[in-house]
1. In region 336-390, what residues are modelled with pLDDT under 90, within 25 Å of Arg443 (Cα to Cα) and touching a Phe, Trp or Tyr at 6+ places or on another chain (Cβ under 8 Å)?
2. Looking at region 245-254, is at least one residue surrounded by 10 or more Cβ atoms within 10 Å (Cβ to Cβ) and either within 30 Å of Arg427 (Cβ to Cβ) or modelled with pLDDT under 85 (or both)?
3. Give me the strands (runs of 3 or more DSSP E) completely within region 372-443, filtered to those with at least 2 residues that are touching a Cys at 6+ places or on another chain (Cβ under 9 Å), ordered by residue number.
4. Does Pro425 count as surrounded by fewer than 15 Cβ atoms within 10 Å (Cβ to Cβ) and either touching a residue at least 40 places away in the same chain (Cβ under 8 Å) or not assigned by TED's automatic domain parsing to the domain that holds Asp332 (or both)?
5. Here is a check on your reading of the model: is Asp356 in a loop (DSSP other than H, G, I, E, B), over 59 Å from the mean Cα position of the chain (by Cα) and surrounded by fewer than 17 Cβ atoms within 10 Å (Cβ to Cβ)?
6. Can you name the number of the only condition in (1) buried (at least 19 other Cβ atoms within 10 Å of the Cβ); (2) outside any loop (DSSP other than H, G, I, E, B) that Ala115 fails?
7. Hey, could you check region 48-64 for residues that are crowded, with 17+ Cβ neighbours inside 10 Å and at pLDDT below 80 and say which is farthest from Val147 (Cα to Cα)?
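The values are calculated or read from the model by the stated rules, or taken from the named source; none is laboratory data. Just so we're clear, the structure is a prediction, and the values are computed from it rather than from any experiment. For neighbour counting, all protein chains shown are included, and Cβ atoms are generated from backbone atoms with ideal geometry for every residue, glycine included.
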Amino acid sequence: MSALLNPDDRPEEEAVPEGADVSHATDVAPEPVLPEAVRQRITVLAAAALPGLPADEMPVALRRVARFAPNRRARLGGRDIAAQLVADPVFRQRIGARIVAESGDLGAAVTSGVAPAAADPVEVAALAYLARPEGWRDLIDAAGDAVRAEADSAAVTAQLRAAEQRAVRAEHDRTVARVEADKLRDELARVREELGQLREEARTTAKALREAQAAQKRAADLLATEKGRASRVSLDHEAEIRRLRSRLADAEAAAATGKQAAKDARAVDDARLWLLLETINQAATGLRRELALGPADKLPADFVADTSAERPGAPERSRARAQDTDDPGRLDQLLALPRAHLIVDGYNVTKRGFADMSLEQQRKRLITGLGGIAAQTGDEVTCVFDGAERVHGLPPAPRGVRVLFSRKGTTADELIRQLVRAEPPGRPVVVVSSDREVADGVRRHGAYPMGADSLLRRLSRS
């Protein structure tokens, strides 16, 4: 509605299409200043009649506004409608004709230049602005005067009403003041009476206070005497506590010295015991390596029994049996040693025992059998395969069995020797392989070599 609020924004001379009704189009006088109520009513009437215009008569700027909901059209599109009414006389004439026609008798009267006495001056001024009959400015001015008169009358009425309300409030306030004054007089009399009583009580209280102060002075003197006595007793107690703390500190120091002495003595004993055990362990390890002794196949009683039944060639056969690396019984004796470690040359064993199977089946059968040995003996078991034939997807090894593949560029034999060298001196390590080079190499490092047949026989018994 800014176009209606500021007439200077209107072009100096409105263009009217050829053939249009120009009965009022040549009026180039400035737009009248419309009262706010008239401006709002013009916008509401134009917004309500806007959808009724044919599409070819609808200004392009208002086509979007015409699609708004009726209750939102004047509120959201009022500015565009007002600007179009000022800038486009043809549009104002067309929309005005529709609005006047819909107003019935009032519209006809305004078109003829007559304003009915009982009609709303705002409605008359809005229709006159749109229809613009002869003397329409006078109708708008009359409506403005009527609106202003009504506003002034309403203001005077409001002032009179406010004055009456103030008079009523003033009378009420005077009444309340009289009542409050009566209450205050009664309250003053009561306060004076209470004041007399309070003065009497104050005299009595002052006398009691003087007596209490005298008694307090006597109690303070007695308290000072008792405090001095208590202070002397406290000093004596503190001196005794200091003496006791000194004795306690001496006792704690003596106890700490005793604990440290006991700790040092125990450390010396532990060092001596560790040195003794380490000496015994190293001596046993060195002796076993020097003599190259393995577990005995026979007990002393067995030798006595063999001597009684000796015949030519018997000692050589017994000696051969003692050195037999394919004897499963000897393998069992070695695995019975404490914390034994069994290392198996995988393909060396499988190609001797399961050569007719595929490599995958050979590995699976050997590892399964080693799992049974690990479960029975509780020993550590490691199975080594050449990495060149390693396959992916190998099933998980049984509990207690470690499966290793040699890396690229190394062989299973080298990995076995590395495992043997990694073990601490003195631990029983059993290596199963029929490869003579492997057997000789691990024997030099203190391991017990056994042939592949000893393990195959041991597995066949399981």
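1. Asp386, Gly387, listed by residue number.
2. The answer is no; no qualifying residue exists.
3. The qualifying strands (runs of 3 or more DSSP E) are 401-405.
4. For Pro425, the condition - surrounded by fewer than 15 Cβ atoms within 10 Å (Cβ to Cβ) and either touching a residue at least 40 places away in the same chain (Cβ under 8 Å) or not assigned by TED's automatic domain parsing to the domain that holds Asp332 (or both) - is met.
5. Yes: the conditions hold for Asp356.
6. Failing condition for Ala115: (2).
7. If we take residues in region 48-64 being crowded, with 17+ Cβ neighbours inside 10 Å and at pLDDT below 80, then Leu50 is farthest from Val147 (Cα to Cα).
For every residue, the table says whether it meets (1) surrounded by fewer than 19 Cβ atoms within 10 Å (Cβ to Cβ); (2) farther than 18 Å from Thr368 by Cα; (3) modelled with pLDDT under 95.
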{"residue": "Gly409", "(1), (2), (3)": "yes, yes, yes"}
{"residue": "Val420", "(1), (2), (3)": "no, yes, yes"}
{"residue": "Val438", "(1), (2), (3)": "no, yes, yes"}
{"residue": "His445", "(1), (2), (3)": "yes, yes, yes"}
{"residue": "Ala452", "(1), (2), (3)": "no, no, yes"}
